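To start, the structure under review is shown below, and the notes come after it.
The values are calculated or read from the model by the stated rules, or taken from the named source; none is laboratory data. Computed from a predicted structure; not experimentally measured. In this analysis, Cβ positions are derived from the backbone assuming ideal geometry, glycine residues included, and neighbour counts consider all displayed protein chains. For the accessible areas, the whole protein counts, side chains as well, though only heavy atoms, and no ligand, DNA or RNA atoms are used. Shrake-Rupley method; radii C 1.70, N 1.55, O 1.52, S 1.80 Å.
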Amino acid sequence: QVQLVESGGGVVQAGGSLKLSCTASESIFEYGYGMGWYRQVPGKRHELVATVTNLAATVYLASVKGRFTASRDATGNTMFLEMNNLKVEDTAVYLCTTGPVHAGTVDTVYWGQGTQVTVSS
């Protein structure tokens, strides 16, 4: 059972920045796993924000391209999501996930508890 711990959420004004971190309890990238961030707002289905594979390939939601940067650390168990030029519509609970990579897609096997990001106007 892989445990995921997220940090870095908070309240920021529009145009500001936040950096999220997600640390796994094991060196999941060495297992061929990837990591990803989803976000969810009440009443809506969660949406994929960004993923990074074990080979450091990244995928982004179209609306965050150019503003968000996903990366992984060299130790093999942490993913970062640097969020710049935040918009009110980025407000959501951000959830970290990890799982095997298949054809560039990260399976969502394990989930973290989520961290709230609130962007004020």
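For the range 65-102, name all the residues that are within 12 Å of Met35 (Cβ to Cβ), polar (S, T, N, Q) and not in a strand (DSSP E or B). Within the range 65-102, just Asn77 meets the criteria.
Among the residues of the range 1-40, the one identified as among the polar types (S, T, N, Q), surrounded by fewer than 13 Cβ atoms within 10 Å (Cβ to Cβ) and assigned to a strand (DSSP E or B) is Gln13. For the range 66-116, the candidate set comprises residues that are closer than 19 Å to Val2 by Cβ and among the acidic types (Asp, Glu); within that set, the residue that is least open to solvent (accessible area, probe 1.4 Å) is Asp73.
Residue check: is Lys44 over 12 Å from the mean Cα position of the chain (by Cα), surrounded by fewer than 17 Cβ atoms within 10 Å (Cβ to Cβ) and at pLDDT 95 or above? Don't jump to the end; show me each part of the working.
Working: over 12 Å from the mean Cα position of the chain (by Cα): yes; surrounded by fewer than 17 Cβ atoms within 10 Å (Cβ to Cβ): yes; at pLDDT 95 or above: no.
When the stated conditions are applied, Lys44 does not pass them.
Inside the range 20-58, residues that are of a type in the set (Phe, Trp, Tyr), more than 20 Å from Gly9 (Cβ to Cβ) and out of contact with any Ser or Thr (no Cβ under 6 Å at 6 or more places or on another chain) make up a count of 2.
Among the residues of the range 31-62, those that are more than 14 Å from Thr78 (Cα to Cα) and free of Cβ contacts under 8 Å to residues at least 24 places away in the same chain comprise Pro42, Gly43, Lys44, Arg45, Glu47, Leu48, Thr58, Tyr60, Leu61, Ala62. Looking only at residues in the range 55-64 that are touching a strand residue (DSSP E or B) at 6+ places or on another chain (Cβ under 7 Å) and not in a helix (DSSP H, G or I), the one that is surrounded by the fewest Cβ atoms within 10 Å (Cβ to Cβ) is Ala56.
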